[in-house]
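Structure first, then comments.
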Amino acid sequence: MADYKAPLRDIRFVFDELLGADEHYASLPGAEELNQELRDAILDEGAKFCEQTLAPLRRIGDEEGCTWSEDGVTTPGGFADAYQQFIDGGWPGLSMPEQFGGQGLPNSMDLLLSEMLGQANHAWSMYPGLSAGCRETLIEHGSEQLQKDYLIKLVSGDWTGTMCLTEPQGGSDLSFLRTKAEANGDGSYAVTGTKIFISSGEHDMSDNIIHIVLARLPDAPKGTKGISLFIVPKFNLAADGSVGERNTVSCGSLEHKMGIHGNATCVMNFDGAKGFLVGKENEGLKCMFTFMNTARIGTAMQGLNHAEVALQGAMSYALDREAGRSLTGKKSPDRPADKLIVHADVRRMLLTIRSFSEGCRAFIYYLSQQGDKALQGTEEQVKEASDLLALLTPIAKGFMTEVGLEAASHGVQVYGGHGYIREWGMEQNLRDARIATLYEGTTGIQSLDLLGRKIMSDGGANFGKFIAMIGADLEAMDDEFSEPLQKMIAEWTELVGFIGAQAGKSYDEIGSASVDFLMYSGYVVLAWFWGRMGTLANTKLAENDEVFYRGKVATARFYFDKVLPRTASHKQTIEKGADSLMSLTDDDFEALAAI
């Protein structure tokens, strides 16, 4: 298994050189002092923690998994100690407000750290990762008293948080939600119900676990309009704000999963547990979107992370393993075979992985800067950034996790039979990657959100603004990238019009086209970033013939030549419409299943 190395050179290229971090932070009120020296110090220390502490626990977490007992859940060996080091380093409060004990840095700095945490150890990183959404939900929607009671300990990391949405009968369709909340008469509520698939729902890494729970009040409207949001702690608070008596919330069992074994995925039972209303009655889903949007960006990041892990492992193996001879003649005549790197197909896989890893890094860091602007920018910045995030978040979550999964599969393939063997770490990376396309909304759900809510709902106005922004950017891009990209964005616009026209005949046309459209969108967005990166690297090469920049230009060209043409098949599939999908009736499917 290749040792994890934080990709600091590429992180700094994207954030500092491509996206102009100095200018970005200078434009944000209160972030002007976040200079290169401070950013480098944070990255260097974060990398050290990830490489030396977290990465060695990745395989341990996979093999040991979590253990359930009536007393609670025990995490794999070393996980709790690593979390204590994380707290001692002050990492949980990096981007939290100073009034709650945080360091007050922009959220984008937290995302830089999150990338390294997830690559070093996906399962471990989910424990603090879920807490981030819990904190942000309380900051935006919690009452002053709830913030006083819970935020300081959440920000310090002494307490962790979860998101409790899914129920056995409902899955992603929250209209089936049955968990109920009844007023106790003292400002608190008794919350009763069962939630499933709760990541980090029970563990031994923190003194208290704060659950954010969706539930229904008596006589609430049916469907999603009748859902409220509650905070339900594992331990109730004593009069002085410390941990008090145990609340009636417990982990009934652990899910037996394909991957991320080191994270406790729990069935949580709430038996009249004491909870407190967050936000207004029957507006819980609106409040929960704060948590869900944070989680969608975090899950998109996981696509990048699994691609990066695949890249590091596959590159290491291909440069060391000897097998076969080059088709153009022996490259190592003094050896019994040439190294894998000489083979065109191995290079195809390596460059595909690299194009996804480095392209997705540019995409997610761009989103992180938009998130900064949406939270603390000027009035104009807030509006523009919020519109961009609304459009691009479902693309990022759906596309990045799908190509991250593909990259993880290529990582196995480069190793050949050894990739199928546990000791190399590639099969674990593939198993861990599979969940990212599912939770926080499947690819199909993201694609319907993109087409239905983010494009069709406003007649494509926000989409049109984004297209215009890319178009203006093409003027500064090298011709080898700008010319094909110009054609792609024109075609992208035409596809929106085509789908809209077809939807007028049947809404099934949107469902039929949605995933292909999301993937088409992702490939074009990544082409935009690769065009920018390739152009910048060409400029840098004129000043300094550094192999890093030559690699960047070569990968940009590979992406445009070998990856971007995939859009043609997505376009053709969209244009074929829904007829072949819907030709069989429901009864036909039942009859076929019975054969």
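The rows are residues; the columns are (1) under 21 Å from the mean Cα position of the chain (by Cα); (2) in a loop (DSSP other than H, G, I, E, B).
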| residue | (1), (2) |
| --- | --- |
| GLY241 | no, yes |
| ILE260 | yes, yes |
| CYS266 | yes, no |
| GLY272 | no, no |
| PHE276 | no, no |
| LYS280 | no, yes |
| THR290 | yes, no |
| ILE297 | yes, no |
- Message: Given the criterion farther than 25 Å from GLU358 by Cβ and touching a Cys at 6+ places or on another chain (Cβ under 9 Å), identify the matching residue among GLY244, GLY279, GLY272, GLY303.
- Response: GLY279
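Across segment 208-239, which residue is nearest to the chain's Cα centre (by Cα) among those that are basic (Lys, Arg) and exposed (fewer than 14 other Cβ atoms within 10 Å of the Cβ)?
Narrowing segment 208-239 to residues basic (Lys, Arg): 216, 222, 225, 234.
Narrowing the set further to residues that are exposed (fewer than 14 other Cβ atoms within 10 Å of the Cβ) leaves 222, 225.
Details: LYS222: 31, LYS225: 27 Å.
Restricting to residues being basic (Lys, Arg) and exposed (fewer than 14 other Cβ atoms within 10 Å of the Cβ), the top hit is LYS225.
Of a type in the set (Gly, Ala, Ser) and surrounded by 20 or more Cβ atoms within 10 Å (Cβ to Cβ): is that true of ALA407 in this structure?
On the way: of a type in the set (Gly, Ala, Ser): yes; surrounded by 20 or more Cβ atoms within 10 Å (Cβ to Cβ): yes.
Here the answer is yes, as ALA407 does meet what is asked.
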- Task: Filter segment 210-256 down to residues that are closer than 19 Å to GLY279 by Cα and either touching a strand residue (DSSP E or B) at 6+ places or on another chain (Cβ under 8 Å) or polar (S, T, N, Q) (or both), then give me how many there are.
- Result: 19
- Could you grab the pairs with beta carbons closer than 8 Å, sequence gap of 6+ or different chains, first residue in segment 245-258 and surrounded by fewer than 19 Cβ atoms within 10 Å (Cβ to Cβ), second one of a type in the set (D, E, K, R)? ARG246/LYS234; THR248/ASP271; THR248/LYS274; SER250/GLU202; SER250/ASP271; MET258/ARG431; MET258/ARG434
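Restricting to segment 339-388, name every residue that is of a type in the set (Lys, Arg) and within 16 Å of LEU112 (Cβ to Cβ). Quick ask: steps written out before the conclusion?
Our first condition is that a residue be of a type in the set (Lys, Arg); within segment 339-388, this holds for 339, 347-348, 354, 361, 373, 383.
If the condition is that a residue be of a type in the set (Lys, Arg) and within 16 Å of LEU112 (Cβ to Cβ), then ARG361 is the only one that fits.
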- In segment 26-69, what residues are small (Gly, Ala, Ser) and either assigned to a loop (DSSP other than H, G, I, E, B) or surrounded by 13 or more Cβ atoms within 10 Å (Cβ to Cβ) (or both)? ALA26, SER27, GLY30, ALA31, GLY46, ALA47, ALA55, GLY61, GLY65
- Task: Taking ASP561 as the residue in question, decide whether it is free of Cβ contacts under 8 Å to residues at least 12 places away in the same chain, within 13 Å of SER355 (Cα to Cα) and not aliphatic (A, V, I, L, M).
- Result: yes
- Determine which member of the set SER506, SER482 is more than 25 Å from GLY411 (Cβ to Cβ) and outside any helix (DSSP H, G or I). SER506
- Identify the residue in segment 70-101 that is over 12 Å from GLY157 (Cβ atoms) and of a type in the set (S, T, N, Q) and, among all such residues, is surrounded by the fewest Cβ atoms within 10 Å (Cβ to Cβ). GLN99
- Task: Could you tell me which numbered condition GLY104 fails, if it satisfies all but one of (1) modelled with pLDDT of 95 or more; (2) assigned to a loop (DSSP other than H, G, I, E, B); (3) in contact with a Pro (Cβ under 7 Å, 6 or more places away or on another chain)?
- Result: (1)
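For the subset of segment 191-207 comprising residues that are assigned to a strand (DSSP E or B), under 25 Å from the mean Cα position of the chain (by Cα) and of a type outside the set (A, V, I, L, M, F, W, C), which member is farthest from PRO92 (Cα to Cα)? Spell out how you get there, then give the answer.
Residues of segment 191-207 assigned to a strand (DSSP E or B): 191-199.
Applying the additional criterion that residues be under 25 Å from the mean Cα position of the chain (by Cα) yields 195-199.
When the remaining residues are screened for being of a type outside the set (A, V, I, L, M, F, W, C), the result is 195, 199.
Numbers: LYS195: 26, SER199: 18 Å.
Of everything passing the filter in segment 191-207, LYS195 is farthest from PRO92 (Cα to Cα).
For the structure I just gave you, tell me whether GLU167 is farther than 28 Å from LEU438 by Cα, outside any helix (DSSP H, G or I) and of a type in the set (Asp, Glu).
On the way: farther than 28 Å from LEU438 by Cα: no; outside any helix (DSSP H, G or I): yes; of a type in the set (Asp, Glu): yes.
In short, no.
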- Task: Scan (1) among the small types (Gly, Ala, Ser); (2) over 22 Å from the mean Cα position of the chain (by Cα); (3) loosely packed, with under 14 Cβ neighbours inside 10 Å for the single condition SER188 breaks and write down its number.
- Result: (3)
- Note on the structure: Within segment 134-150, the residues that are surrounded by fewer than 23 Cβ atoms within 10 Å (Cβ to Cβ) and closer than 19 Å to SER199 by Cβ are GLU136
- TYR439 being buried (at least 17 other Cβ atoms within 10 Å of the Cβ), at pLDDT below 95 and not β-branched (Val, Ile, Thr): yes
- Query: List the pairs whose first member sits in segment 333-356 and is surrounded by fewer than 18 Cβ atoms within 10 Å (Cβ to Cβ), whose second member is in a strand (DSSP E or B), and whose Cβ atoms are under 7 Å apart, counting only residues at least 6 apart or on separate chains?
  - Reply: ARG335/GLU322; PRO336/GLU322; ALA337/GLU322
- Selection within segment 485-517 - in contact (Cβ under 8 Å) with a residue 60 or more places away in the chain and over 29 Å from the mean Cα position of the chain (by Cα): PHE498, GLN502, SER506
- When every residue in segment 119-128 that is in contact with a Gly (Cβ under 8 Å, 6 or more places away or on another chain) and either surrounded by fewer than 24 Cβ atoms within 10 Å (Cβ to Cβ) or aliphatic (A, V, I, L, M) (or both) is compared, the one farthest from ASN305 (Cα to Cα) is PRO128
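The values are calculated or read from the model by the stated rules, or taken from the named source; none is laboratory data. Here the structure is a predicted model, which is why all the values come from computation and not from measurement. All Cβ positions, glycine included, derive from the backbone under ideal geometry; neighbour counts span all protein chains shown.
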